[in-house]
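The values are calculated or read from the model by the stated rules, or taken from the named source; none is laboratory data. None of these values were measured; they are calculated from a predicted model. Glycine also receives a Cβ, built like all others from the backbone with ideal geometry; neighbour counts cover every protein chain displayed. When the accessible area is computed, the model is the full protein with side chains, heavy atoms only, and any ligands, DNA or RNA have been set aside. Shrake-Rupley method; radii C 1.70, N 1.55, O 1.52, S 1.80 Å.
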Amino acid sequence: MFTGKKKILTCVLLIIILAALVTSHAFAAGGAEHVSGMYGTFWSLIPPVIAITLALITKEVYSSLFIGIVAGALFYSDFNLEMTLNTILVDGFTASLSDPWNVGILIFLVVLGITVVLMNRAGGSSAYGSWARKRIKSKRGAAFATFALGIIIFVDDYFNCLTVGSVMRPVTDKFGISRAKLAYLIDATAAPICMIAPVSSWAAAVSGVVEGYNGIDLFIRAIPYNFYSLLTIVMIVFISAKRFDYGPMAIHERNAEKGDLYTTSARPYAGISETGASAKGKVIDLVFPIIVLVVCCIGGMVYTGGLFSGTGFIDSFADCDPSVGLSMGSVIALIIIVIYMVAGGALKFKECAEAIPDGFKAMVPAILILTFAWTLSGMTGLLGGADYVAGLVEAGAENLKNFLPAIVFIIACFLAFATGTSWGTFGILIPIVVKVFANIDPTLLIIGISACLAGAVCGDHCSPISDTTIMSSSGAQCDHMNHVLTQLPYTLTVAFVSFAAYIITAFVNTIWIVLPVAVVLMILVLFGISIVRKKKPA
């Protein structure tokens, strides 16, 4: 019955959109740049809301995102048929797939897919799984090992998502950790960890949008106030140590212990990693490629920042282009890995060549979702969604000064959730925060920036159209909507405590008081949830 209702809802929305297209007026000629009548209004945020709502209801990601894109194009063209089609194809998909940043990320994604296939074909993943089983004795140990590796690979969230997944998947599978839980552990140690790491692509991005201040210095001073990132770590430690889960995740974990790692019938990656694995693989066949990837990707990023032209290491990170650096580093790493595999006898050159299309095919689901998500984000940009939110923040800044950090946190959460981009969110809001607090309260300026960064990470963390969320699903080889729906209760729990912490911070600016209070509050909330859950029948 419920499935039928979902299909009916989707069909009705499609009919409405088609009817709007059919009844649209003739395309108006003119050379002036088009500005939508809905630009900078509440309606600019409706397309991503439509896409996210449909995705959560129907669990059909591709069709939901496409309907959101069509709605955005209709709004932008003021329901003009010809312009709507042009917007979807030219300003939408073509623009997103020709953007240098996006192309660099896709290259990086495909190369990582090929690398994972190479490691699997060489038997490195299975060998590491056998090695780890002798040293990791429990499900708790597997979860903590995944968490630790996520912290170690802190330089970039994209690299983190796919690397941690490929390394730890054999281990977590053996100890009955569901793919949804693995995806959460990956996602929770990607952006949240990068956001509190001074040497990371995120620190570089933040420093690039702060004018008139030392961006890296502000970033470092904001770390203790980044409650969402810090409390996410507390969350992971608690649920891993107590082996405690709630919401849809608890169902996935119970089923994983019985042998079903996916729970749902949607399992797009099932069987991919086990195909054609060599029985003669060694642990070094996984460790060496990972080390090469880490070194080459870091080297690629600092190269784009001018390290080899005399710029310091920290400054080169601040000025780097992560997209170019990661794609460049991963391609160089792939060449080295292929030479290593062939020279060491792990694989023949023909087998390495065959891994190229197989690696690409393994990443097709992630590439498709990313393409749709980028296109939808572009539609939101054409409609001026960011300008609308920025206006709201500036309008209420003077009257709500003490509560502004908490308000900025909520606004950043919503904007990142709706647009699927945390970088775009803090790129919009940080200049506003600096403008509001620069001459009022230096401490409140730091808190406001941290609230903006924390909210951006939070919204990005739970958004189904976020590239990091998509890559976490891909890294864990988990159905994307399974990851989103199981992760959402966890992110909302941390967001609730973080919001309370920012309210407290408005009155107590001493971080050594607020942070311990926030940690204690986080633990008490989790204990409360565990008590309530135990009282409910299984």
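Key figures for this structure:
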quantity	calculated
Cα principal axis extents for segment 33-100, largest first, Å	37, 29, 23
Computed FRET value (nearest 0.05) for Arg533 with Arg140, which takes r as the C-beta separation and R₀ as 25 Å	0.85
Out-of-range pairs (alpha-carbon distance over 23 Å; input Lys258/Lys534; Lys258/Lys361; Lys174/Lys258; Lys174/Lys361; Lys181/Lys258; Lys174/Lys282)	Lys258/Lys361; Lys174/Lys361
Cα-derived Rg over Rh, computed across segment 439-538 with Rh taken as Kirkwood radius	1.07
Signed unit charges on C-beta, dipole axis of segment 56-174, positive-most listed residue Met119, Ala143, Ser96	Ala143
Å³ per residue enclosed by the Cα convex hull of segment 44-167	159
Gyration tensor verdict on segment 323-371 (Cα atoms; rounded if a/c is under 1.5, prolate if a/b is larger than b/c, oblate otherwise)	oblate
Prolate/oblate/rounded call for segment 293-337, Cα gyration tensor, a/c under 1.5 rounded	prolate
Per residue value of the accessible surface for segment 307-367 (all protein chains in place, 1.4 Å probe), Å²	51
Cα shape, segment 282-383, gyration tensor, a/c 1.5 rule	oblate
Per-pair calculated FRET efficiency, R0 = 30 Å: Lys280 and Phe360 via Cβ, rounded to 0.05	0.70
Segment 28-175 - charge dipole about Cα centre, Lys and Arg +1 at Cβ, Asp and Glu -1, debye rounded to 20	1620
